[in-house]
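The values are calculated or read from the model by the stated rules, or taken from the named source; none is laboratory data. These numbers come from a predicted model, not from an experiment. Because the Cβ atoms are built from the backbone with ideal geometry, glycine has one as well, and the counts that use them run over all protein chains shown.
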């Protein structure tokens, strides 16, 4: 972007649309970069997320009507939707780095003007649609959350026993939370390991309650707002098909997966819950083959691991706004009416 384009944009009003607690860590690097450039940031926190997680100095708009009055130049969403009735360029920054874990292509539903992709493979999924449909752009910027992941201060405290992180997705056919529960309940009674448990916000409430009830001397239950801290604290992750396992691998740490759909040499994949203790033991003492596979994994997933994705995203947004962007998305009446109802906004 040229200096003249940057001047043409001026001070921008930016809105961060949050539906889940994990979105705060994804968006905060972008907030820091935007404010460094002199832009203004506000947060619209949907009911499934906790506004109490906002930090001092972070400003929320109280409701959708206030967001409309704020008239943002751009709206950023880590989820798969953004309210169309709020003004501004709608920017998808993605909530996970493994968008094809269900075997499906990235859903393009006409809700975004800009997709900020993470890798050549993800870009290739959307580029043909960009050409065919013409109302959105695709730019490969890297995944925003990696700015937070790689920028998090490394823990210096040595812990007395290994830290084992359980993180599971919520889709029953992809999740191992229920199948692994009896074995984890048994292992959590032993003092050998410290268990750290965090479950997807959409996990069945009864499953969450069962794991929360295990909390004690050997098991801690955490919400998703502490995910990055837990990723750095843990020595080994136990997961299934959750995209969070990729973040752990990008930190160079071993993962034990339960019935992963696409297991590779970088995973210790198990088929039965009874195999879990031996698999964790192997992960705590990884052999050279596993270490090499994990080291090769990062470059295969994304070339953008420099912690500067926020800057690239802001460059593209400023460029589009300076270039006279216009909203050409389809009306999407049913989806947009649903969002109006959920956000209690009916003015037209």
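Is the stretch 197-208 home to any residue that is within 20 Å of residue 285 (Cα to Cα) and surrounded by fewer than 17 Cβ atoms within 10 Å (Cβ to Cβ)?
Among the residues of the stretch 197-208, not one is within 20 Å of residue 285 (Cα to Cα) and surrounded by fewer than 17 Cβ atoms within 10 Å (Cβ to Cβ), which makes the answer no.
For a quick check of your reading of the model, give me the residue pairs whose first member lies in the stretch 7-18 and is over 22 Å from residue 60 (Cα atoms), whose second is surrounded by fewer than 20 Cβ atoms within 10 Å (Cβ to Cβ) and at pLDDT 95 or above, with beta-carbon atoms closer than 6 Å and at least 6 apart or on different chains.
Correct list of pairs: 8/322; 9/321; 9/322.
When you go through (1) in contact with a strand residue (DSSP E or B) (Cβ under 8 Å, 6 or more places away or on another chain); (2) not assigned by TED's automatic domain parsing to the domain that holds residue 268 one by one for residue 148, which number turns out not to apply?
Only one criterion in (1) in contact with a strand residue (DSSP E or B) (Cβ under 8 Å, 6 or more places away or on another chain); (2) not assigned by TED's automatic domain parsing to the domain that holds residue 268 is unmet by residue 148, namely (1).
How about the stretch 232-248: which of its residues are touching a strand residue (DSSP E or B) at 6+ places or on another chain (Cβ under 7 Å) and buried (at least 21 other Cβ atoms within 10 Å of the Cβ)?
234, 236, 237, 238, 239, 240, 242, 244, 245, 248
Restricting to the stretch 289-313, and then to whatever is over 30 Å from residue 267 (Cα atoms) and in contact with a strand residue (DSSP E or B) (Cβ under 9 Å, 6 or more places away or on another chain), can you tell me which residue is surrounded by the most Cβ atoms within 10 Å (Cβ to Cβ)?
Selected residue: 313.
Can you pull out the helices (runs of 4 or more DSSP H) entirely within the stretch 89-204 that have at least 3 residues that are touching a residue at least 24 places away in the same chain (Cβ under 8 Å) and within 17 Å of the chain's Cα centre (by Cα)?
145-151
How about the stretch 234-348: which helices (runs of 4 or more DSSP H) wholly inside it have at least 3 residues that are in the same structural domain as residue 117 (by TED's automatic domain parsing) and free of Cβ contacts under 8 Å to residues at least 40 places away in the same chain? Show your work before the answer.
Details: elements: 244-250, 276-284, 288-301, 309-322, 333-342.
Hits in the stretch 234-348: 333-342.
Checking residue 30 against (1) in contact (Cβ under 8 Å) with a residue 24 or more places away in the chain; (2) in a loop (DSSP other than H, G, I, E, B); (3) on the phi < 0 side of the Ramachandran plot, which test does it fail?
Going through (1) in contact (Cβ under 8 Å) with a residue 24 or more places away in the chain; (2) in a loop (DSSP other than H, G, I, E, B); (3) on the phi < 0 side of the Ramachandran plot one by one, residue 30 breaks only (2).
Kindly list the number of the only condition in (1) in contact with a helix residue (DSSP H, G or I) (Cβ under 8 Å, 6 or more places away or on another chain); (2) in the same structural domain as residue 30 (by TED's automatic domain parsing); (3) at pLDDT 95 or above; (4) under 29 Å from residue 223 (Cα atoms) that fails for residue 106.
Only one criterion in (1) in contact with a helix residue (DSSP H, G or I) (Cβ under 8 Å, 6 or more places away or on another chain); (2) in the same structural domain as residue 30 (by TED's automatic domain parsing); (3) at pLDDT 95 or above; (4) under 29 Å from residue 223 (Cα atoms) is unmet by residue 106, namely (3).
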